[in-house]
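Any read-out appearing in this document is the output of simple, stated calculations on the displayed coordinates, not a laboratory observation. Note that this is a predicted model, so its numbers are computed, not measured. Please note: Cβ atoms are built from the backbone with ideal geometry, for glycine as well, and neighbour counts cover all protein chains shown.
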Amino acid sequence: MRSLNEELDALRAASLWRERRVLEASGHGQTRLKEGADAAREVVNFSSNDYLGLAGDPWLRDRLAEAVQRYGAGAGASRLVCGTQSAHVVLEETLAAFKGTEAALAFSSGYAASVGTLGAFLRPGDVVILDKLAHASLVDGARLSGASMRVFAHNDVAQLEKRLAWAANATGPDGRVLVGTESIFSMDGDRAPLTEIVALKERYGALLLLDEAHAFGLVGRDGRGLAAELGVTDRVEIHLGTLSKAVGLSGGYVAGSRALIDLLYHRARAFVYSTAPPPAIAAAAVHVIRGILMSDEGARRRARLWDNVRHLRKVLGLEVEDAPSAIVPVLIGEEAAAVAAAAALRARGFLAPAIRYPTVARGAARLRLTLSAEHTFEQIDALARALQEGQMAYAEGDEN
Ligand SMILES: *Cc1c(COP(=O)(O)O)cnc(C)c1O
């Protein structure tokens, strides 16, 4: 029998060991990193998905604290037992109105939303076709569903068409064919060719799941996402996203037709067999959507974020017009080199951990820089200098 320590040693040998880094939140893109026994180092955090700076925001903390006073701490049970509180219902109505769909369902995380939805929507005999770089939660959900899974090369519509043509013959009259992709890719920061994908899946009578985890709150009017920006909301069957990134809280959602949501309510095991998210989090999420995303404050934060994105791209010598997202990958290659680059940055006061296999392909390790509305141009300039001193090559995510 193979030992646990042998497995762990193999991770270390392949530069895939992950140090536990402990942070103390402080805001404005700054954070304290606990090192050694008690030593704490101030670092500027370029690794969080808290794009609008809401996770530590004093106004949101107050809304959450009020909601805890009103609703209590935990939900107490699954939504189907006695866990549904008015805050969940209001969140789902707010999400549906915001996304422009008939209905929505709140999950305890985006991961649970993916796994629960794919598992409920697909069964053996169906086909699911995923972008090669689609998030692990989509892959896991696809596997769990028992449907046949195929992948197409990243953003390669010609290859997607081949898979769709194959799937049309591989499924029976009852069979579903589902295409799954992210709207903004979490590790490369580029966008899916969504309009083309929508047209293609329609031509083949397939359905589309769109994971907007990195677009929700940032892209489209009021941050409704890429489908809204491109005017294809009604042509995407399953809208999926998270409240843990731009919204600054935690939890996942699915939005779509009433029938889809009713089906998930009965069949999504990650929903049915899991305690409802704390109602206070649901109430706070409604405050973010209505009070920030849909208000001038949201517009101001998004404008600051996109200014920061353009500034970082400019100082790194990247294309500035039409910056696709708040994620800027600095491709390094070898896992050990990426770990060394992250350590060099940390020594200079910047947090941007090395992203390695299995999150990205072997040999495609990178520093993943994420920007927040809270960062200042000074912090971004200093990061660029640190990258230059560390002689780290800049490159866009692999676009092959
Ligand atoms: C983060 C992420 C998820 C999971 O969301 P959580 O709320 O963190 O569980 C799903 N899909 C993508 C693309 C993500 O980046």
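Between the stretch 265-283 and the stretch 71-99, the C-alpha centres lie 8 angstrom from each other. In the structure shown, the pairs LYS162/LYS245; LYS99/LYS314; LYS99/LYS245 are assessed against 22 Å; a Cα-Cα span above that value is assigned to LYS162/LYS245; LYS99/LYS314.
Given a Förster distance of 56 angstrom, what is the FRET efficiency for ALA39 paired with ALA199, based on the Cβ-Cβ distance and rounded to 0.05?
On the way: r = 56 Å, r/R0 = 0.99.
Between ALA39 and ALA199 the formula returns 0.50.
Shown in residue order for the stretch 247-254 are the 3J(HN,Hα) couplings computed by the Karplus curve 6.51 cos²θ - 1.76 cosθ + 1.60 at θ = phi - 60°: 6, x, 10, 6, x, x, 9, 10 Hz (x for Gly and Pro). Residues whose amide H comes within less than 5 Å of that of VAL179, counting only those at least five positions distant or on another chain, are ILE129, LEU207, LEU208, LEU209 (H built at 1.01 Å from N in the peptide plane). Once backbone amide H atoms are built at 1.01 Å from N, GLU374 has GLY53 as its partners under 5 Å, excluding neighbours fewer than 5 places away on the same chain. Cross-link partners among aspartates and glutamates for LYS34, C-alpha distance below 19 Å, same-chain residues fewer than 8 apart left out? Hits, sequence-local ones excluded: GLU19, GLU24, GLU42.
Label zone (LEU318, point 7 Å along Cα-to-C-beta; backbone nitrogen cut-off 15 Å) within the stretch 188-212: 188-192. Peptides 248-254, 39-45, ordered by how many other C-beta atoms sit within 10 Å of their residues on average, highest first, read 248-254, 39-45.
A simple spin-label model places the labels of ALA97 and ALA65 2.8 nm from each other, with each point 7 Å out along Cα-to-Cβ.
Fully extending the segment from LYS132 to ALA14 would add 40.2 nm, taking 0.36 nm per residue of separation and subtracting the current Cα-Cα distance. Between ASP131, ASP262, ASP50, the residue with the greatest mean-square fluctuation in the GNM of the chain (Cα pairs under 10 Å linked by springs) is ASP262.
Any idea what the dipole of the stretch 211-284 comes to, in debye rounded to 20, about its Cα centre with Lys/Arg Cβ at +1 and Asp/Glu Cβ at -1? Intermediate values should be presented prior to the final figure.
Working: 7 positive and 7 negative charges, 33 e Å.
For this selection, approximately 160 debye.
Estimated purely from DSSP H runs of n ≥ 4, each contributing -39500 (n - 2.57), the mean residue ellipticity at 222 nm for the chain is -12000 deg cm²/dmol once divided by its residues.
Ranked by Cβ crowding within 10 angstrom, fewest neighbours first, how are TYR204, TYR51, TYR273, TYR111 ordered?
Numbers: TYR204 16, TYR51 29, TYR273 10, TYR111 20.
Least crowded to most crowded, the residues run TYR273, TYR204, TYR111, TYR51.
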